[in-house]
Amino acid sequence: MSVRRRAGAAATAVLLTVLVACSEPTSPGAPDPAPATTAEPSRSTAPPEPTGETSTVPVADPEHAVDPPGERDGRLWSADILVQWDRAIDDDLLEQVEQLKGVAHTERIGLGQVSLENRVLTVASVDPARYRNFTQAQVADLQEAWERVAGGELAIDRTVARRLADDEGMIRLGVEDDAPTLHVGAYTPQIPTIDMVVNTAWAEDIEMATDNGLLISTDRKTPASIRKPLERLVGKDASVQMLDVASRIGLDPDAKLTAVPTGGTLGSVVGVFRYRVIGGGRIAPDPAWVSANIRTEAVPILGSVTCHKDLFPQLRAALLEVQQRGLADAIDPGQYAGCYYPRFIANTTTLSNHSFGLALDLNTAGNQRGTVGEIDRDVVAIFKTWGFAWGGDWRWTDPMHFELAEVKRVG
C-alpha cells in the first residue's frame, strides 16, 4: 500500500554543491526545491570528519527506515558495469558472475523506472552501508547523506531534483495521487544511469525489486574485456551496461537495455520494456513488445493515431465527450504532435512516456514548455476525468502534454 510521508525538522537537505553532475539542463525558471524547514542547509563541500559517535541525524520516516550505516567501512570500488534483470538475480548465477575472471567486487541492488513529468527515471533501492562504496569518494564519505537515506529520505542529483521537487523538497514517485512521496534528504551525484537512490524499506511501496540489479567493479581490469563472457553468462534477458562509457556519453551505445516500470498504471500497462539505442536520439524497442502493445486506430477528432493499445479506450472516451459537449473545435488535428514516439527526450538519454505510446501532445503552437498554455480548460478537465495527467500541472509546465495516469474501466 502506498504511503505519503512529510518529514518535519529532520528534512533539511544536505547540499554537495561542487560535485553536482550536469547531466540535464536546468529548467528555465525552475528554482531549487526548498528544505521542509527554515533551517539553513549545510553547504560544506568537504567530507565531515569521522567522530566515532552515534548518529544524531533524526529519522525522517520510521516506517521506512533501515539500520543507520555507521561510519564508512572498507575500500571504495569503481562502478564499472551495471546489470539489470526483470526479476531477482539467481544465487547460483551471482556466484558464477563473482567467479568470472576480471570481476573484483559486486553489489546487489534493486532497479526500477518511475514516470515523473514525462521523464522515465531510474530509482535504485540499496543498502546504504554497502552501496556507498561504489560512489565517488566525497559522496561515500558524506555520512549525513547516507544516514538520511537509511532514515527514509531520497538521494538525488540536484539538477534532477530542481525539475521534480515541490517547495517542501518532496518528490512523488509515480503519477498516481497515492504514489509514495519522499523527501529529498541529500543532493549528491549518482552512478551513471541511476537518477535517485532510496533504501530497501521503500521497495514494496514503490513496487520494485531489491535485487534485480548488480553493480560490478573490475578494479584495475578494463571493463570491456569481460563484456562478452559476462553477456554470455547472464543471458539475453539481462541488460549489461558499461558505466565507463555511460559516464562519458550518457549511455552505452552497444547495450541492449531493459526498463522495468514500477508501481500502479505504468508498471501494469508497460510490463518489461527492452530496447536498443540506434543513434540520433532514437531507440528500437523489442519488436515482440511493439507487436503486442502498439496499434494504429481511428479516434474522434484526431483521426488515425498510433498509441499503446491500453490507451485507446480512455482516449476515445475523452475525445468523444469533448465532441459531445461541443468542444471539438478546441482541439486542432493539425497541431497533434503524436503519441508513440520511440526516442529519448531531446538532448538527453531519458525515455518519456511517448516511448511506450502512453502520452499525446495536443495544440502544440499555443502550449509550449514553461507556459500556462492556451488549451481549453474544459478539455483539460475532461481528459483528467478519463484518467489522464496534464503537463500544465507540472513544476515546469508542458500544457500540450497528456499522459495515462490511471486505468479506468470504459464500457
Given (1) touching a helix residue (DSSP H, G or I) at 6+ places or on another chain (Cβ under 8 Å); (2) under 30 Å from Lys228 (Cα atoms); (3) at pLDDT below 95, index of the condition Thr348 fails: (1)
As an exercise: evaluate Pro300 against (1) in contact with a Leu (Cβ under 8 Å, 6 or more places away or on another chain); (2) outside the structural domain of Gly326 (by TED's automatic domain parsing) and give the number of the one condition it does not meet. (2)
Contacts under 6 angstrom Cβ, first residue in region 76-96 being more than 12 Å from Met242 (Cβ to Cβ), partner of a type in the set (Phe, Trp, Tyr), 6 or more apart: Trp77/Phe134
Quick check: anything in region 205-219 in a strand (DSSP E or B), under 25 Å from Ile345 (Cα atoms) and modelled with pLDDT of 90 or more? yes
If Gln314 satisfies every condition in (1) part of a strand (DSSP E or B); (2) within 26 Å of the chain's Cα centre (by Cα) but one, which is the exception? (1)
Starting from residues that are touching a residue at least 40 places away in the same chain (Cβ under 8 Å) and not in a loop (DSSP other than H, G, I, E, B), keep the ones in region 191-204 and report whichever is nearest to the chain's Cα centre (by Cα). Met196
Which condition from (1) acidic (Asp, Glu); (2) surrounded by fewer than 21 Cβ atoms within 10 Å (Cβ to Cβ); (3) within 30 Å of Gly392 (Cβ to Cβ) is the one that Glu153 breaks? (2)
Tell me which of these Ser23 doesn't satisfy, since it passes every other one: (1) surrounded by fewer than 15 Cβ atoms within 10 Å (Cβ to Cβ); (2) at pLDDT below 95; (3) not aliphatic (A, V, I, L, M). (1)
Across region 90-109, what is the number of residues that are among the hydrophobic types (A, V, I, L, M, F, W, C), touching a helix residue (DSSP H, G or I) at 6+ places or on another chain (Cβ under 8 Å) and either in a strand (DSSP E or B) or under 14 Å from Leu215 (Cβ atoms) (or both)? 3
Failed condition for Leu173, given (1) more than 21 Å from Trp289 (Cα to Cα); (2) surrounded by fewer than 23 Cβ atoms within 10 Å (Cβ to Cβ); (3) not basic (Lys, Arg): (2)
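If you scan region 362-401, which residues turn out to be part of a loop (DSSP other than H, G, I, E, B) and among the polar types (S, T, N, Q)?
Asn363, Asn367, Gln368, Thr371, Thr397
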Meets criteria (more than 20 Å from Leu164 (Cβ to Cβ) and either in contact with a strand residue (DSSP E or B) (Cβ under 8 Å, 6 or more places away or on another chain) or β-branched (Val, Ile, Thr) (or both)) for Thr364: yes
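Taking the stated definitions as given, is Thr193 at positive phi and β-branched (Val, Ile, Thr)?
Details: at positive phi: yes; β-branched (Val, Ile, Thr): yes.
When the stated conditions are applied, Thr193 passes them.
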If we keep just the residues of region 317-347 that are in a helix (DSSP H, G or I) and without any contact (Cβ under 8 Å) to a residue 24 or more places away in the chain, which is surrounded by the most Cβ atoms within 10 Å (Cβ to Cβ)? Leu319
Within the bounds of region 201-208, is there any residue that is closer than 22 Å to Val160 by Cβ, crowded, with 23+ Cβ neighbours inside 10 Å, in contact with a His (Cβ under 6 Å, 6 or more places away or on another chain) and of a type in the set (A, V, I, L, M, F, W, C)? yes
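The values are calculated or read from the model by the stated rules, or taken from the named source; none is laboratory data. These numbers were taken from a predicted model, which means no experiment stands behind them. Neighbour counts run over all protein chains shown; Cβ positions are idealised from the backbone, glycine included.
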